[in-house]
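A.B. asks: This is the structure I have questions about; it appears just below.
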Amino acid sequence: MTDLPKPLVAGNWKMNGLKAALCEVDALEEKIASHLNLKCDLMICPPATLLCSATIAAKKVEIGAQNVHAAFSGAHTGDISTEMLTDIGVTAVILGHSERRADHGEKSAQVAEKVAAAQRAGLLAIVCVGETKEEREAGQALNVVSRQIADSIPIEGSNADNIVVAYEPVWAIGTGLTPSVNDVAEMHHSIRDLLKGMFERDGDKMRILYGGSVKGSNAAELMGVDNVNGALVGGASLKADDFFAIVEAAYL
Ligand code: PEP
């Protein structure tokens, strides 16, 4: 594999964090400043209420959103557009997270519309896919993930600079459980093949993150797997010390 962008370690704060939590972004910036040889990019995706202040606080850390509406503007109460995000310095958006698919019935077709909107505005789309426990036990993990990728990422307009795929087995999110290294390797290898089939040379360069109970103690092993190009981190991203422990274990 050639010309792969730097791995990405992205923190998804979900619905956590009041203004005081921005000190964690400051703390992360301090850590980066004293580790100039970092071998990964870092991103924090705080709740929408903190995005604007976070982009002001962040220098090296990228700031991403957790969701967006596909339309440019209009009568969509409570929603925000990709252009509103770029307007305040946000550079990425998480799309199709399993919690949005489950809590809000988001389908892959809607995710694809949001991905196209992200591209319209110049945002990096972090597209989440992953099977449930039942689907894995039924031997359907690869089918489910392949279908989600094919239906969530539009062929037109997608490339290695604007798409990151996050493989997040639903049963590993927030549970402390992780798949075996072999299972991660097998899934990421299959995702790579699928992306190459869909996007040719760009598919070879798209970053594929692993997400689900990543922490400092398992990061080196998980990030060392072939075709794992970084992590999407939930719980362990809320404190700069815990988040940076992942970076220290895998990318220093
Ligand atoms: C997530 O929800 O994207 C996630 C990976 O959560 P956690 O790290 O807490 O499992």
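A.B. asks: Which residue is surrounded by the fewest Cβ atoms within 10 Å (Cβ to Cβ), if the candidates are limited to the stretch 232-244 and must be in a helix (DSSP H, G or I) and within 13 Å of the ligand (Cβ to nearest atom)? Full working, then the answer.
C.D. replies: Initial filter on the stretch 232-244 (in a helix (DSSP H, G or I)): 235-237, 240-244.
Next, only the ones that are within 13 Å of the ligand (Cβ to nearest atom) stay: 235-237, 242-243.
Numbers: Gly235: 19, Ala236: 21, Ser237: 29, Asp242: 16, Phe243: 28.
Here the answer is Asp242.
A.B. asks: If we keep just the residues of the stretch 194-224 that are outside any helix (DSSP H, G or I), within 16 Å of the ligand (Cβ to nearest atom) and aliphatic (A, V, I, L, M), which is nearest to Ala65 (Cα to Cα)? It would help to see each step written out before you state the result.
C.D. replies: The initial filter retains those residues of the stretch 194-224 that are outside any helix (DSSP H, G or I), namely 200, 206-215, 224.
This time we only want the ones that are within 16 Å of the ligand (Cβ to nearest atom), so: 207-215.
Restricting the remaining residues to those that are aliphatic (A, V, I, L, M) gives 208-209, 214.
Details: Ile208: 18, Leu209: 17, Val214: 20 Å.
It comes out as Leu209.
A.B. asks: Counting only residues that are more than 11 Å from the chain's Cα centre (by Cα) and hydrophobic (A, V, I, L, M, F, W, C), how many does the stretch 205-237 have?
C.D. replies: 9
A.B. asks: Please pick out the residue among Gly224, Gly157, Gly176 that is closer than 23 Å to Ala118 by Cβ and exposed (fewer than 15 other Cβ atoms within 10 Å of the Cβ).
C.D. replies: Gly157
A.B. asks: At pLDDT 95 or above, away from the ligand (no atom under 13 Å from the Cβ), more than 19 Å from Lys14 (Cβ to Cβ) and in contact with an Asp or Glu (Cβ under 7 Å, 6 or more places away or on another chain), is that true of Ala121?
C.D. replies: Taking the combined requirement at face value, the residue satisfies it.
A.B. asks: Which of the residues that make up the stretch 1-43 are under 11 Å from Phe243 (Cα atoms) and more than 16 Å from the ligand (Cβ to nearest atom)?
C.D. replies: Residues satisfying the conditions are Val25, Ala27, Leu28, Lys31.
A.B. asks: It is to be established whether one or more residues within the stretch 142-150 are assigned to a helix (DSSP H, G or I), touching a His at 6+ places or on another chain (Cβ under 8 Å) and either of a type in the set (A, V, I, L, M, F, W, C) or at pLDDT below 95 (or both).
C.D. replies: No, there is no match, as no residue in the stretch 142-150 is assigned to a helix (DSSP H, G or I), touching a His at 6+ places or on another chain (Cβ under 8 Å) and either of a type in the set (A, V, I, L, M, F, W, C) or at pLDDT below 95 (or both).
A.B. asks: Select from the stretch 117-141 the residues that are outside any helix (DSSP H, G or I) and small (Gly, Ala, Ser) and list them in ascending order.
C.D. replies: Hits for the stretch 117-141 are Gly122, Ala125, Gly130, Ala138, Gly139.
A.B. asks: Could you pull out the residue among Asn143, Asn229 that is away from the ligand (no atom under 13 Å from the Cβ), of a type outside the set (Lys, Arg) and more than 21 Å from Ala65 (Cα to Cα)?
C.D. replies: The match here is Asn143.
The values are calculated or read from the model by the stated rules, or taken from the named source; none is laboratory data. Please read all numbers here as calculations on a predicted model, not as lab measurements. All Cβ positions, glycine included, derive from the backbone under ideal geometry; neighbour counts span all protein chains shown.
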